[in-house]
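Asks: Sharing a structure below in structure tokens format, with a few things to ask.
The values are calculated or read from the model by the stated rules, or taken from the named source; none is laboratory data. On a predicted model such as this, the values are computed, not experimentally measured, just so you know. Because the Cβ atoms are built from the backbone with ideal geometry, glycine has one as well, and the counts that use them run over all protein chains shown. Side chains are part of the model used for accessible areas, which takes the heavy atoms of the whole protein and leaves out ligands, DNA and RNA. Shrake-Rupley method; radii C 1.70, N 1.55, O 1.52, S 1.80 Å.
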Amino acid sequence: MGARRTSIHGEWSSRLAFILAATGSAVGLGNIWRFPYITGENGGGAFVFVYLVCVAAIGIPIMMSEILLGRRGRQSPINTMRTLAQEEGKNAAWQYIGWLGMAAGYLILSFYSVVAGWTLAYVFRTGTGVFEGVTADGATSLFGQFVADPEKLLGWHTIFMVMTIIVVSRGVKSGLEKAVRFLMPLLFLLLLVMVGYAMNTGQFGEALVYLFKPDFTKLSAKGMLTAMGQAFFSLSLGMGAIMIYGSYLSHLASITRTTIVIAIMDTSVALVAGLAIFPIVFANHLTPELGPGMVFKVLPIAFGHMPGGTFFGTLFFLLLVFAAWTSAISLLEPVVTWLVENRGMNRVMASAWAGLVAWVLGLISLLSLNVWAQYKVFGKAFIDLVEFLAANIMLPLGGFLVAVFCAWILPKETSLDELGLGDHFGYRLWRFLARYVAPIAVIVILLFATGIIELKSQQ
Ligand code: PHE
């Protein structure tokens with residue numbers, strides 16, 4: 001069994017600082033932009049049900065594994081995996097978990113920054129009263145015109161990426177804690193205000209049924225894959241973000257308790273966002289299949305009509321930018337630590353280079369919305385393809401490997417020591433989930449979705 005280490009990149013000031021940073025990473029566009037739109041595309045209740053089961057049975061044990069590995073290795077995900085594998089006399093190829101994560105991180109950040117750019121633009125659009133009195137058709141066509149304009153998108157994408165680079169270049173530990181502590185509860189509160197508005201004016205009952213009454217006939221194999229992918233995406237798992245944050249966590253903190261807190265907060269934000277959006281969708285006779293533009297087509301209708309809507313709307317998009325920002329930072333951090341450790345760069349140079357690569361990749365996504373809209377890869381626009389590949393394939397694969405490494409390869413004493421639960425029920429439950437349930441579920445769902453296994457009833 002290897003020894004405990006310290007990180008050359010420093011440590012969080014407290015357990016709370018870690019919880020806040022990890023929640024900042026988890027809560028972002030995934031909860032408010034992605035969750036509602038993919039729920040709408042996949043038929044509602046049954047999809048939400050699978051997502052929740054995936055969070056509990058796959059997400060939580062894998063998050064514990066990632067934090068555990070990060071804290072044990074105390075380096076960038078690639079070097080952590082290499083060190084831990086070598087320490088146990090295992091194959092150095094385990095470091096490829098880190099490489100896979102790095103690739104996923106670049107891909108996610110590239111389109112994430114484009115969508116965060118939409119959010120930035122919507123702060124100003126809402127603020128200048130563009131949506132006052134807007135109709136459902138109006139909001140939809142305003143969004144359509146907006147994404148058709150590559151220059152505007154480019155400006156916002158660039159601003160967002162620069163914002164991300166700036167924070168990462170100064171080190172993620174300063175400032176993140178204070179900001180998340182105030183702004184995240186405020187975002188949650190504002191979402192509750194929206195839910196209140198939706199309760200009064202929207203089709204709240206219909207939305208409740210849509211979201212929470214599973215109709216399994218509506219669930220496809222692709223829907224299951226997307227629900228699982230969303231559990232990974234939303235919890236920031238499978239690409240090293242939580243691993244690198246775990247590498248700054250003190251040995252005194254309990255991994256289990258922190259993980260549960262983070263997972264509950266993240267999932268609540270997604271569900272509340274759903275409850276804010278779907279009643280408005282139904283009240284305006286829109287279909288739930290609004291695609292990636294959903295939040296930007298639906299919420300402006302509410303802001304355009306509620307009292308104080310311009311104020312609330314501006315604040316809402318501002319807080320969403322902030323939530324996206326704290327997530328984007330965690331997407332860049334693993335790559336930056338690796339560049340610092342292995343390429344001898346300083347933090348500023350490393351952040352600038354890594355950010356530049358993600359920015360360039362983002363240009364392809366950005367242009368696929370307008371100038372290159374006629375080109376499809378596997379029937380999808382490039383931006384949708386990258387999102388699909390990264391969230392639904394790469395993250396689950398990364399998570400699968402993390403669980404296998406942590407629960408099969410790493411000696412039991414190491415995980416016992418890190419989790420600090422003793423060899424009792426909690427530890428055994430984690431080990432059972434990480435050894436069997438999570439890896440098997442990931443593989444089975446991937447096989448279903450690729451059609452390698454088929455359900456009889458679907459034929
Ligand atoms: N969890 C973030 C969100 O929900 C996105 C993210 C994914 C961040 C993977 C880091 C790693 O918006």
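Asks: Of Phe382, Val404, Thr326, which is farthest towards the positive pole of region 310-459's charge dipole, taken about the Cα centre with +1 and -1 on the beta-carbons of Lys, Arg and Asp, Glu respectively?
Replies: The listed residue farthest towards the positive side: Phe382.
Asks: May I pose another question? For the chain, take the longest principal axis of its alpha carbons; what is the angle in degrees between that and the long axis of helix 395-404, to the nearest 10 within 0 to 90?
Replies: 30
Asks: At q = 0.09, 0.12, 0.14 Å⁻¹, what log₁₀ I(q)/I(0) does the chain have when each alpha carbon counts as one equal point scatterer in the Debye sum?
Replies: Log10 I(q)/I(0), no solvent term: -0.55, -0.99, -1.35.
Asks: State to the nearest 20 debye the size of the charge dipole of the chain about its Cα centre, where the only charges are +1 on K and R beta carbons and -1 on D and E beta carbons.
Replies: Computed about the Cα centre, the dipole is about 780 debye.
Asks: Could you give the angle, 0 to 90 degrees to the nearest 10, between helix 96-127's Cα long axis and the longest principal axis of the Cα atoms of the chain?
Replies: 30
Asks: Once both labels are modelled 7 Å past Cα along the beta-carbon direction, what's the Ile364-Lys412 spacing in nm?
Replies: Once both label points are built, they end up 4.6 nm from each other.
Asks: Still on this model: With only alpha-carbon atoms counted, please give the Rg and Dmax of region 214-289, in Å.
Replies: 16.8, 53
Asks: What FRET efficiency would be calculated for the residue pair Lys213, Glu88, taking the C-beta separation as r and a Förster radius of 41 Å, to the nearest 0.05?
Replies: 0.30
Asks: If you don't mind, there's one more thing I want to ask. Rank these residues by their accessible area, most exposed first, probe 1.4 Å: Ile301, Ile159. Write out the running numbers ahead of the final one.
Replies: Numbers: Ile301 10, Ile159 80 Å².
My answer, sorted largest first, is Ile159, Ile301.
Asks: Could you give the dipole magnitude of region 309-459 about its Cα centre, charging the beta-carbon of Lys and Arg +1 and that of Asp and Glu -1, in debye to the nearest 20? Write down the numbers at each step before the final one.
Replies: Details: 9 positive and 9 negative charges, 53 e Å.
Once rounded to the nearest 20, the dipole reads 260 debye.
Asks: Just subtract the alpha-carbon distance of Ser13 and Leu252 from 0.36 nm times their residue separation and send over the number in nm, one decimal.
Replies: Between Ser13 and Leu252, full extension yields an extra 84.9 nm.
Asks: Could you report the accessible area of Ser220 in Å², rounded to 10, computed with a 1.4 Å probe on the protein chains as they sit in the structure?
Replies: Looks like 50 Å² after rounding.
Asks: Follow-up. Can you give me the solvent accessible area of Thr201 with a 1.4 Å probe, rounded to the nearest 10 Å²?
Replies: Its heavy atoms expose roughly 80 Å² to the probe.
Asks: Roughly how much of His424 is accessible, in Å² to the nearest 10, using a 1.4 Å probe?
Replies: 120
Asks: Take the alpha carbon atoms of region 58-81, find their center, do the same for region 17-47, and report the distance between the two centers in whole angstrom.
Replies: If you average the Cα positions of each part, the centres end up 21 Å apart.
Asks: Another question about this same structure. Give Lys178/Lys297; Lys222/Lys376; Lys218/Lys297; Lys218/Lys380 a once-over and call out the pairs whose C-alpha atoms are over 28 Å from each other.
Replies: Lys178/Lys297
Asks: Helix 438-449 versus the longest principal axis of the chain: what is the Cα-based angle in degrees, 0 to 90, to the nearest 10?
Replies: Long axis of 438-449 versus the principal axis of the chain: about 50 degrees.
Asks: Subtracting the Cα-Cα distance from 0.36 nm times the residue separation, let me have the gained length for Ile393 to Gln145 in nm, one decimal. Don't skip to the answer; put the middle values down first.
Replies: On the way: separation 248, 0.36 × 248 = 89.28 nm, distance 3.14 nm.
Value of the extension gain: 86.1 nm.
Asks: Expressed as a whole number of Å, what is the distance separating the alpha-carbon centroids of region 223-250 and region 374-391?
Replies: Cα centroid of region 374-391 versus Cα centroid of region 223-250: 21 Å apart.
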